[in-house]
Amino acid sequence: MPGPEESSTVNASLTPESGSLYVVATPLGNLADISKRAISILDNVSLIACEDTRVSGKLLSKLGIENRTVSYHDNNERSMAPKLAEELAQGKSIALISDAGTPGLSDPGFRLTRECRKQGIPVVPVPG
């Protein structure tokens, strides 16, 4: 069981910080694999950048999350990465998710994380 200092750190990590990009892993098949932290981040960020909003919408619906989503996929990654980085620079918090697993491994995400690193915007990994 966490002590008082650890407990406040745990609670703080459940709430997204403004101006941060959260790279959130999603379940690979079993919805029960998603973490409490991932659910909290997805529920509380300013917006969620999704590989496919239809697939992500089903996941978010099952989790009871109603949050703004935008498409972020191979075909619009070049144009969307700077736009999302600008929103982050203005203080919004964004979660980046893929259809399954961790974004940036075999799907979009590299350009946005690279742009954030160039601008000094925090990139926070959130295991599923």
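Before moving on, here are some points about what is shown:
- Residue check for Arg117: among the basic types (Lys, Arg), surrounded by fewer than 20 Cβ atoms within 10 Å (Cβ to Cβ), touching a residue at least 60 places away in the same chain (Cβ under 8 Å) and closer than 16 Å to Ser20 by Cα: no
- Of all residues making up segment 33-68, the number that are within 13 Å of the chain's Cα centre (by Cα) and of a type in the set (Asp, Glu): 2
- Arg114 meets the conditions (1) in a helix (DSSP H, G or I); (2) at pLDDT 95 or above in every case but one. The failed one is (2).
- Residue that is farthest from Arg114 (Cα to Cα) [pool: residues in segment 12-59 that are polar (S, T, N, Q) and assigned to a loop (DSSP other than H, G, I, E, B)]: Asn30
- Of all residues in segment 69-85, those satisfying the criterion of being surrounded by fewer than 20 Cβ atoms within 10 Å (Cβ to Cβ), assigned to a helix (DSSP H, G or I) and under 16 Å from the mean Cα position of the chain (by Cα) are Glu77, Met80, Lys83.
- Segment 19-33, residues that are modelled with pLDDT under 95 and either surrounded by fewer than 20 Cβ atoms within 10 Å (Cβ to Cβ) or not aliphatic (A, V, I, L, M) (or both): Thr26, Pro27, Leu28, Gly29, Asn30, Leu31, Ala32, Asp33
- If you go through segment 86-104 and keep only what is in a loop (DSSP other than H, G, I, E, B) and at pLDDT 95 or above, you end up with Gln90, Gly91, Lys92, Ser93.
The values are calculated or read from the model by the stated rules, or taken from the named source; none is laboratory data. Quick caveat, the model's predicted, so the values are computed rather than measured. Cβ: placed from backbone, ideal geometry, glycine included. Neighbour counts: every protein chain shown.
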